[in-house]
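Asks: I am attaching a structure below and will ask some questions about it afterwards.
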Amino acid sequence: MFDKSVYVNRRKRLAEQMSGGLVLILGNNEAPANYPANTYKFRQDSSFLYLFGLNHPGFAGVLDVDAGEEYIYGNDVDMDDIIWTGPQPSVKDLAARVGVDRTAPFARLAEALRTAVSAGREVHFLPPYRSYNALLLEDMLDIPHASLKARASLSLIRALVALRSVKEPCEIEEITRGCNIGYEMHVTAMKHARPGEREQYIAGLLEGIAASRGSMVSFPVILSQNGETLHNHDHGQVLTPGRLMLTDAGAETLMHYCSDFTRTVPVGGKFSSRQKDIYTIVLACNTKAMELARPGVTYQWVHLEVCKVLARGLKELGVMKGDVEEAVAAGAHALFMPHGLGHMMGLDVHDMEDLGQVHVGYDEETRPIAQFGTSSLRMGRRLEPGFVVTDEPGCYFIPELIDRWRAAKMHEAFLAYDRIDSFKDFGGIRLEDDLLITRDGALCLGDRRVPITVNEVEETMREG
Ligand code: GLY
Ligand code: MN
């Protein structure tokens, strides 16, 4: 946990942005996996962690903005809990560690909320993403669960996004820690990408590194020779010479700050010339984003500039044709990169996505673009110092998508379908780094950059 003053200051700044009422931040509870007592690894709600710091199930935090009072609701352990799971500090002691001096049993929360509602006061809550908390809100606030998302507090969402978007130095230190674990995960994956190895074995090694150095992986490992499937969680294949292995994986530190890297390596350690051609283009895209990202520019603009680098490179290979600017404006490049350049990262790997992507990645000035491909861009708005965003361009040959577009004669002026067909067995390449926006540019986070150039990757794999 950070120093108490960090949480006190965050809550103070949040309350200053709210015009009144109660702010309710529900923590998470244990979630059963296959029977009630056999739970998934506990993961606290990130906004609760951000404001109240306590990594315990069954808590809620409340700010009474009008009275300037703060509360933590939660139950002290009883003798049965002590026997099975060990002694715990009291809720009062835990709350004191994060500067909250008012506590009450969890059952009192419903009472407090009902009293506020009947007095005509506003209760600000966030959109729930766990059904347990949705049911709890439905019970306590008398709002049907299907309406909770629409009734969530926009002013609270906006205030939290404003705070959480700009990372404090102590958060950057934690994210850097997460990146250093990610470094180890990816170098391990590279060294094990040998013919005959099972994808599942390598994925398991990565999970083990994340769990032994930090808390856990920041999202389920994506690792596959079928890298053209963007989020491929199937690890059922054995590595075959000549194929590429795409690994998209990151770690969560003990404080639950994330990293998120993607590397794509040749099974056996040597890129073929065709692989090198596409790899070099994706690397140029990744580098371009790093060069362009700085305060004042929108990430949507960076995304579109990167797409031009992709289209230009593919044109040089004879895969695309025509005018590059026009091709990107038309969205033809999205056949090869049907996703966005990146997302915010922090306490969530897709930071604050539960609060609504449009509130996190966009604002009144920068609106989402509906065109296929760019519509998947999670982060589009103007960059500010302290933002942490991912830089993750890719190039994929998705046979089903190629067939569909070809049959529909999509963007024939920009796509050389005969040439594209010869890449249908290629797979996909993505290269992802985590960027801190500084006062005048962008910094790649992590004490060491995960090997990325062709030479660095081949050298790392040779070292085995
Ligand atoms: N690394 C997975 C994602 O960004 O969606
Ligand atoms: Mn990512």
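Asks: Leaving out ligands, DNA and RNA, and with a 1.4 Å probe, what % of the accessible surface on segment 382-464 is carbon or sulfur? Present the calculation step by step, with values, prior to reporting the outcome.
Replies: Details: 1720 of 3750 Å².
The value for segment 382-464 is 46 percent carbon and sulfur by accessible area.
Asks: For Val282, tell me the accessible area in Å² from a 1.4 Å probe, rounded to the nearest 10.
Replies: 0
Asks: Right, another one. Where does helix 199-213 land angle-wise versus the long Cα axis of the chain, in degrees 0 to 90, nearest 10?
Replies: Long axis of 199-213 versus the principal axis of the chain: about 40 degrees.
Asks: On to the next question. Rounded to the nearest 10 Å², what accessible area does Ile82 show when all protein chains are kept and the probe is 1.4 Å?
Replies: Rounded to the nearest 10, that gives 60 Å².
Asks: Tell me the Rg and the Dmax, in Å, that the Cα atoms of segment 335-436 produce.
Replies: 16.1, 46
Asks: Whole angstrom only: what separates the Cα centroid of segment 379-417 from the Cα centroid of segment 26-41?
Replies: So the separation of the two Cα centres works out to 37 Å.
Asks: Give the Kirkwood hydrodynamic radius (Å, one decimal) of segment 63-121, defined as one over the mean of 1/r across all pairs of different Cα atoms. Please report the intermediate quantities before stating the final value.
Replies: Numbers: mean 1/r = 0.0773 Å⁻¹.
The answer is 12.9 Å.
Asks: Take the alpha carbon atoms of segment 278-292, find their center, do the same for segment 107-155, and report the distance between the two centers in whole angstrom.
Replies: 45
Asks: Considering only DSSP states other than H, G, I, E and B, which trypsin sites (Lys or Arg not before Pro) in segment 6-87 qualify as loop sites with at most 11 other Cβ atoms within 10 Å?
Replies: Details: sites: Arg10, Arg11, Lys12, Arg13, Lys41, Arg43; in loops: Lys41, Arg43.
Listed in order of number, the matching sites are Lys41.
Asks: At Arg439 and Arg121, where each label point lies 7 Å from the Cα along Cα→Cβ, what is the point-to-point distance in nanometres?
Replies: Modelled inter-label distance: 4.3 nm.
Asks: Show which lysines lie in cross-link reach of Lys315 when reach means a straight Cα distance below 22 angstrom and same-chain residues fewer than eight apart are skipped.
Replies: Correct list for Lys315: Lys276, Lys288, Lys409, Lys424.
Asks: Shifting gears a bit: Within segment 256-336, which trypsin sites (Lys or Arg not before Pro) sit in a loop by DSSP and count at most 14 neighbouring Cβ atoms inside 10 Å?
Replies: On the way: sites: Arg263, Lys270, Arg274, Lys276, Lys288, Lys308, Arg312, Lys315, Lys321; in loops: Lys270, Lys321.
Filter output for segment 256-336: empty list.
Asks: What distance in nm lies between label points placed 7 Å from Cα along the C-beta direction at Val8 and Ala110?
Replies: 3.5
Asks: Give the Rg/Rh ratio for segment 88-198, taking Rg as the radius of gyration of the Cα atoms and Rh as the Kirkwood radius, to two decimals.
Replies: My calculation puts Rg/Rh at 1.16.
Asks: For segment 354-418, which GluC sites (Glu not before Pro) pass both filters: DSSP loop (anything but H, G, I, E, B) and at most 13 other C-beta atoms within 10 Å? Don't skip to the answer; put the middle values down first.
Replies: Values: sites: Glu364, Glu365, Glu400, Glu412; in loops: Glu364, Glu365, Glu412.
Answer in residue order: Glu364, Glu365.
Asks: Rounded to a whole number, what % of the accessible area of segment 1-132 do carbon and sulfur atoms account for, probe 1.4 Å?
Replies: Details: 3480 of 6800 Å².
Ligands and nucleic acids excluded, carbon and sulfur reach 51 percent.
Asks: Moving on. How far is helix 454-463 tilted off the main Cα axis of the chain, in degrees rounded to 10, range 0 to 90?
Replies: Long axis of 454-463 versus the principal axis of the chain: about 80 degrees.
Asks: What Kirkwood Rh does segment 161-223 have if only Cα atoms enter the pairwise 1/r average? Answer in Å.
Replies: Details: mean 1/r = 0.0767 Å⁻¹.
For segment 161-223, inverting the mean 1/r across all distinct Cα pairs yields 13.0 Å.
Asks: For segment 224-313, place one equal point scatterer on every Cα, skip the solvent, and apply the Debye formula. What is log10 of I(q)/I(0) at q = 0.15, 0.20 Å⁻¹?
Replies: These q points yield log10 I(q)/I(0) values of -0.76, -1.10.
Asks: Rounded to the nearest 500, what is the chain's calculated 222 nm mean residue ellipticity when only DSSP H runs of at least 4 contribute -39500 (n - 2.57) each, over all residues? Let's see the in-between values first.
Replies: On the way: 17 runs with 187 residues, N = 464.
-12000 deg cm²/dmol, from helical runs alone.
Asks: Moving on to the next point. If I take the Cα coordinates of segment 263-365 and project them onto the principal axes, what are the three extents in Å, biggest first?
Replies: Taking the Cα atoms of segment 263-365, the three principal extents are 43, 37, 23 Å.
Asks: Roll a 1.4 Å probe over the protein chains and send me the accessible area per residue for segment 405-464 in Å². Provide the component values of the computation, followed by the final result.
Replies: Values: 2980 Å² over 60 residues.
I get 50 Å² per residue for this part.
Asks: Taking a temperature of 37 °C and a viscosity of 0.692 mPa s, what whole-number D in µm²/s does Stokes-Einstein yield for segment 132-271 with Rh from Kirkwood over alpha carbon pairs? Mind dumping the intermediate values first?
Replies: Working: Rh = 17.2 Å.
After rounding, the answer is 191 µm²/s.
Asks: Starting from the Cα of Tyr417, step 7 Å toward the Cβ, then list every residue of segment 345-387 with an amide N under 11 Å from that point.
Replies: No residues fall inside that zone.
Asks: Turning to a different aspect of this structure: So how tilted is helix 107-118 from the main axis of the chain? Cα-based, degrees 0 to 90, rounded to 10.
Replies: Relative to the chain, helix 107-118 is tipped by roughly 90 degrees.
Asks: Modelling each spin label as a point 7 Å along the Cα-to-Cβ direction, I'd like the Tyr129/Arg158 distance in nm, to one decimal.
Replies: The two pseudo-label positions are separated by 2.2 nm.
Asks: I've got another one for you. Which values, in whole Å and largest first, are the semi-axes of the equivalent ellipsoid of the chain obtained as the square root of 5 times each eigenvalue of the Cα gyration tensor?
Replies: Details: eigenvalues 364, 130, 77 Å².
Those come to 43, 25, 20 Å.
Asks: Could I ask something else about it? With just the Cα atoms defining each centre, how far is segment 179-246 from segment 295-352? Give it in Å.
Replies: Using only Cα atoms to place each centre, the spacing works out to 25 Å.
The values are calculated or read from the model by the stated rules, or taken from the named source; none is laboratory data. Given the structure is predicted, the values throughout are model-derived calculations rather than measurements. Because the Cβ atoms are built from the backbone with ideal geometry, glycine has one as well, and the counts that use them run over all protein chains shown. Accessible surface areas use protein heavy atoms only, side chains included; no ligands, DNA or RNA. Shrake-Rupley method; radii C 1.70, N 1.55, O 1.52, S 1.80 Å.
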